[in-house]
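Comments concern the structure below.
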Amino acid sequence: MFKKILFATSATEACDHAARVAFDMARRYHAHIDVFHVLGVPTRGYSQVVVDLTTGDEVTLDDNYRDLVKEEIRSYYDHQIQTTDDFAITVTIGHPHREILRIARAEKPDIIVMGGSTGASGSYAHKKAATGSTFQRVAKAAHFPVLVINRPAASFWGGFSNVVFATDFSDAADHAFAFAFKLVKELNCEFHLFHALDITCFQTDNFHTQDTIDDQIRNAIAQIRFRYVSKMGDFKPYAMEVWEGIPFVEIVKYAREKQADLIIMAYNTRQTDDPEASIGSVAEQVILRANCPVISINRSVGKE
Amino acid sequence: MPEGTLCNRQPIQTDEALKTLLSDTGGRQYYQEMQSLPVDTPLLWETIQKTCRSRIRTWLSMCARCGMCADSCFLYRINDRDPKQVPAYKIQSTLGEILRRKGRVDNAFMQMAMETAWAKCTCCNRCGLYCPHGIDMGVMFGYLRGLLYQQGFVPWELKIGAGMHRVYHAQMDVTDADFTETFAWMVEENEEDYPGLAVPVDKVGADIMYTVNAREVKHYPEDLAEAAILFHLAGENWTVPSRGWEQTSLAMFAGDWEACKIQVESVYDAMERLKPKRMVGTECGHAHRATVVEGPYWAGRKDGLPPVESIHYVEWLAEALRTGKLKINPEKRIKEPVTLQDSCNYVRNHGLKEITREIMSYIVEPGYFIDMSPNREHNYCCGGGGGFNGIGLYRKQRNKALITKRDQILSTGAKLVIAPCHNCWDAIRDLEEEYRIGIRWSFLKPLILKMVEIPEHLKPEE
Amino acid sequence: MYDLLTGPGLKLSIGICLIGLIIRGVLYIKGLHWQLDRVAYTAHLKAGIRGALRSIFFWILPFGARGWRTQPLMTVLFFGFHIGAVCIPLFLAAHTMILQKALGISFASLNQTVADVMSWGVVVSAFFLALRRLVLPEVRILSGPYDYLILFLSAAPFITGLLCRYEIGDYSFFLLIHILLGEILLISIPFTRLSHILLFFLSRAQLGMDFGIKRGGMKGKGLNW
Ligand code: HEM
Ligand code: SF4
Ligand code: SF4
Ligand code: SF4
């Protein structure tokens, strides 16, 4: 399941929680871990100058500098690195999301692990030029599950045993389900299939009584059965539930209640088309608030 | 005095030499060596005798010294009207002086000339429009750059850039395989949203052969994806060549005419090989200038035209919008004050002034498009043209040069600047970084993609 | 002396001027090179001629080009100087008579007031052009003795001409000086920057062709000079 982990990091505090999860996973599942760092964004036209993403300074790139940064990363993660011997550190330049996607495509990791609040990276102007954060753009394009940790993953202790799959019945959710099911089967986890019925759209409309909401809930349960459970064969340890409310709130609440150590859900691209929207999809809202890792999936996993 | 190991008269010919020069961080040793680089005066004079003909000689000798060109040059205006920035002065004190001294100039002179040619002129050719005698200093600075390059007096980044073209046939170390591979990657990334999306490589007889800027391949592959998607949505029969896909030419900025020829011939070869009806180039100004406007002459094409009709991206886009190949959702048109950067390289120097405005009329809600002043062929350079953007040695001067554009943008009041040119785009980004005036900037492709209607048969199945 | 200057002297100086200009023109055109100049002059002659004519037209029209409009003072001085500088030598009544006598060509001649205005225009403009050179830093840096010499050489026949016109001082002396200066001016034309009388048209035509053929002239309405 997790033989190869790509840990994309800014090598700063912002990625510390992610680092813990990434290295714990590597140890637990005996995985190879690629520590990947984009040290700078090219700037100044065609010149050799890059903006160092950590310091914000302009530096002229050469091998020395590259090695220096590599060394810095190694000492930053010194502690964690000692627990594993199967790792590699790669540094490169470019636009972070692009380079993460590039190396993912070449290395075909089983999962990409990122810090949640790395934010839009880069210098001031790069921030402005980029629509959305590095995570948004990676999540949107990747054919890989992307695991993000924003808050200290309190309930995560190295392995997964209790997984929430939150669906919005989209195509992307189907991809997410495929991955989630594979994961729970291989890792012997409890599986919680969950849908949050969005009632924000009912608010202006008093025609909708509790009855209609109940109808919809029944509907959703039926859908879960039809779309997912029917594909689970004789897999037993699962439960399903549909709550109404504001989706991201309900998902987080549900995960907490079930003491989930992992949430898997679709990253729905269309909602983040608007460059002005700093708060993106439901997935991003969940990431901001969940106290366990969140894996977001937007496309069929492992294709190509 | 011998030539340096890094700074010398030999162009970069091999990957190894390229790497060696690149590893000299910031060109420290390179510029050190330049201090003692001897001038090969016989070669200089001989070259002038062969290549400096009546046009330039007459320009230099007939200049009325009237100073009417002074105000036309944005670098003169922005540098507190320093008389030493008057175009006529700049060219007379360099190229003019070399001719008067029959090439007998020394190292210090050449270094001064280098700074003048690359830090005091962006070859925007605006002054040529304001001289009563029709003297185009931009053209002469281009010529001067050639002489300086031949003598080894060229900024470090441009020596590398020209070398890249010689070694990779591209402005960066992007190989032909990287190019097609990156396109394939972009198809993978987007084919779920755009079923049927494909990038035909080396298709013979297509309607359009698309050429790009290597930087897109290396750092902004989204741009390739956007181009592919828009061609796909427009239903174009298009292709990219597996060789000869690079449209830009840092060699042109460097004055390395031989590399210019090598570069542009690689594109023309692709045209001959694939026999497309037309070539469309990406949103780049100097690339268009190099491949479509100047290129035919480097390649020795007597009719001054590329082997097949070659157009800029804005021409294709305007046509696609005009003929309805691409349809804009009127709801999604830009509804905020927006302005447009006229790139000297295809507006002043290739007449594409109305076509970009036609595009604006399709994509901007009436009343929201605000022109800069001056505009069209009288626009000012963005401040980063002619290689200025990338030269570390002249960073300070370049940042100052950006002020012209900054103030032009500020006085439009627009917060969004459309810059269909890589160099201009870079310069505008840098000016935001330097001066923080709170603007956004964009190429056309991403904007169009946000507002284009997707034909029913091309939509992904729900 | 007078006869010498108005007879063979005039013929000689006009001859030198014309032949000299023709040679300069021929050398200029022969020196153009489609590949080195990067303009396919002959391949697109029509577009080229159109571009050339537009380039000349807008610049000989007062305030015709944006360059003229943005610098109105200079424009007034330029045309104030040049209209007279071109018309007076050819069309002043006294000149047409001499030309008729010496070369057998006759031009229509100017009305006296018009001629006066033009001549004064030349002299006054020349004065201000010189002043401009001294005062404006962007022009001063470009100016050397040669520039003042050319200006003086051009204005001198007009100054002396006016002295004769108003019969100030010794008329016959100033007349001789006037004719002499005029002939020196004629002779110097091909050898100095004054060759711009012809080369202006060729250079403007060249740039016009450049824009007309290569730099966008075939892409739309043509350059807005
Ligand atoms: C058709 C004929 C002519 C044309 C098209 C022409 C055009 C020009 C132009 C474009 C300039 C440069 C702009 C300027 O410096 O003001 C110039 C300058 C000048 N021209 Fe002419 N010119 C012509 C005839 C003459 C003649 C006949 C004379 C002399 C008698 C003359 C004397 C000058 C002088 C002295 C200058 C330099 C002005 C200065 O000091 O700035 N030009 N001319
Ligand atoms: S405007 Fe033309 S003639 Fe006048 S100084 Fe400038 S280059 Fe010379
Ligand atoms: S080409 Fe442009 S930058 Fe260069 S001297 Fe002329 S106006 Fe100035
Ligand atoms: S970068 Fe743009 S504005 Fe500047 S000279 Fe080039 S084309 Fe002109």
Unmet requirement for B:ALA401, which otherwise passes all of (1) in a loop (DSSP other than H, G, I, E, B); (2) in contact with a Leu (Cβ under 8 Å, 6 or more places away or on another chain): (1)
Can you tell me which residue among B:ASP178, B:ASP106 is within 12 Å of another protein chain (Cβ to nearest Cβ), touching a residue at least 12 places away in the same chain (Cβ under 8 Å), open to solvent by 40 Å² or more (accessible area, probe 1.4 Å) and more than 21 Å from B:TYR394 (Cβ to Cβ)? B:ASP178
Pairs, first open to solvent by 10 Å² or more (accessible area, probe 1.4 Å) in the stretch B:424-437, second of a type in the set (Gly, Ala, Ser) and at pLDDT below 90, C-beta under 7 Å, six or more apart: B:GLU433/A:SER123; B:GLU433/A:ALA125
Of the criteria (1) on the phi < 0 side of the Ramachandran plot; (2) within 16 Å of ligand 3 (Cβ to nearest atom); (3) touching a residue at least 12 places away in the same chain (Cβ under 8 Å), which one C:ARG38 fails: (1)
Restricting the stretch B:42-71 to residues that are of a type in the set (Ser, Thr, Tyr) and within 8 Å of chain C (Cβ to nearest Cβ), the residue that is most open to solvent (accessible area, probe 1.4 Å): B:SER61
Which listed residue, of C:ILE213, C:ILE187, is assigned to a helix (DSSP H, G or I) and open to solvent by less than 60 Å² (accessible area, probe 1.4 Å): C:ILE213
Any chance B:PRO296 is closer than 25 Å to B:THR122 by Cα and open to solvent by less than 40 Å² (accessible area, probe 1.4 Å): yes
If you take the residues of the stretch B:131-156 that are open to solvent by 10 Å² or more (accessible area, probe 1.4 Å) and assigned to a loop (DSSP other than H, G, I, E, B), which of them is nearest to ligand 1 (Cβ to nearest atom)? B:PRO132
Here are some residues: A:ILE251, A:ILE221. Which one is over 24 Å from the mean Cα position of the chain (by Cα) and modelled with pLDDT of 85 or more? A:ILE221
Under the condition of being surrounded by fewer than 20 Cβ atoms within 10 Å (Cβ to Cβ) and not in a loop (DSSP other than H, G, I, E, B), which residue from the stretch B:370-392 is nearest to ligand 4 (Cβ to nearest atom)? B:ARG376
Selection from the stretch B:181-209 of residues within 11 Å of chain A (Cβ to nearest Cβ) and of a type in the set (A, V, I, L, M, F, W, C) yields B:ALA184, B:TRP185, B:MET186, B:VAL187
Please verify whether B:GLY324 is within 19 Å of C:VAL39 (Cα to Cα) and free of Cβ contacts under 8 Å to residues at least 12 places away in the same chain, treating the condition exactly as stated. no
When the residues of the stretch C:139-183 are narrowed to those that are open to solvent by 20 Å² or more (accessible area, probe 1.4 Å), of a type in the set (Val, Ile, Thr) and assigned to a helix (DSSP H, G or I), which ends up nearest to the other protein chains (Cβ to nearest Cβ)? C:ILE159
Counting just the residues of the stretch B:357-383 that are within 14 Å of chain C (Cβ to nearest Cβ) and polar (S, T, N, Q), which one comes out nearest to B:LYS327 (Cα to Cα)? B:ASN375
With the condition kept exactly as written, say whether any residue in the stretch B:83-93 is within 15 Å of ligand 3 (Cβ to nearest atom), touching a residue at least 24 places away in the same chain (Cβ under 8 Å), open to solvent by less than 50 Å² (accessible area, probe 1.4 Å) and touching a Phe, Trp or Tyr at 6+ places or on another chain (Cβ under 6 Å). yes
Applying the selection to the stretch B:94-110, what residues are among the aliphatic types (A, V, I, L, M) and within 16 Å of ligand 3 (Cβ to nearest atom)? B:LEU95
Which numbered condition trips up C:TRP59, out of (1) in a helix (DSSP H, G or I); (2) at pLDDT below 95; (3) farther than 30 Å from C:GLY7 by Cα? (2)
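The values are calculated or read from the model by the stated rules, or taken from the named source; none is laboratory data. Note that this is a predicted model, so its numbers are computed, not measured. Please note: Cβ atoms are built from the backbone with ideal geometry, for glycine as well, and neighbour counts cover all protein chains shown. For accessibility, only protein heavy atoms count, side chains too; no ligands or nucleic acids. Shrake-Rupley method; radii C 1.70, N 1.55, O 1.52, S 1.80 Å.
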